[in-house]
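The block underneath contains the structure these notes are about, expressed in structure tokens.
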């Protein structure tokens, strides 16, 4: 009798061990999701082919204003909300689905970009759009230290901080335009700027990229930035600045002592 029970138990274990898992995938598949627009509602559903009940998990970071959730019946997941800010770099995340019936799993990797609010049409005349980008190489100044200027008929906006670059600027159609950047004080940089043209038809758009490369003191670093990604000082540069402050304090003390000796004599 005991031998029969052991055999039946072994058969049960073997049967469970040989249970087949169901292969499935998440729709949409991995890749770039449709762009969200700043201050506009967004809704993206993630479903599993074949149906059934699943649990969904999320790993990564979503733009501010968007949330991840699952349906009440466990058949799908969803990203919803209203993004608050435009993004220069896409948000990257992973969604994983687990089949409640057999424990099988599938994952997909996504990226999502939030685009700026399009400018409102200017009244009276047809308009076109310039998409302005700023790229910075080397140096220690943040891109927010730069200011972009758009010289064109009824440019809107006509100037803005470079930390808000990668944004649309509206101008009159066919108008001549010139886009330039204010240099950061105390920095020497070379500018590569070809944003000087005309002839954009109504409703048309062009991309305008300005490149700033630091060539003087402080010494360039290997850190680059595009649009609103800030540049930060490296540890070595922080040490150099600290040493300069110490040297300045020493020189000031020597000057004060020399002035005191002069007054005594």
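Bear in mind these aren't lab numbers, they're just calculated from the coordinates by the rules spelled out. Quick caveat, the model's predicted, so the values are computed rather than measured. No Cβ is skipped: glycine too gets one built from the backbone with ideal geometry, and neighbour counts run over all protein chains shown.
Taking R0 as 30 Å, what's the FRET efficiency between residue 64 and residue 104 from their Cβ-Cβ distance, rounded to 0.05? Don't skip to the end; give the middle numbers.
Numbers: r = 34 Å, r/R0 = 1.13.
Computed FRET efficiency for residue 64 and residue 104 comes out at 0.30.
On the basis of the beta-carbon distance and an R0 of 35 Å, residue 85 and residue 23 show a calculated FRET efficiency of 0.35. Within the stretch 67-87, which residues have the backbone N less than 19 Å from the label spot 7 Å out from residue 57 along Cα→beta-carbon, could you tell me? Flagged as within label range: 68-71, 74-79.
Apply 1/(1 + (r/R0)^6) to the Cβ-Cβ distance of residue 43 and residue 252, taking R0 = 51 Å, and write down the FRET efficiency to the nearest 0.05. Working shown, then result.
Numbers: r = 63 Å, r/R0 = 1.23.
Rounded to the nearest 0.05, the efficiency is 0.25.
Each of 62, 100, 134 was scored by other Cβ atoms within 10 Å of its Cβ. Listed from fewest to most, they are 100, 62, 134.
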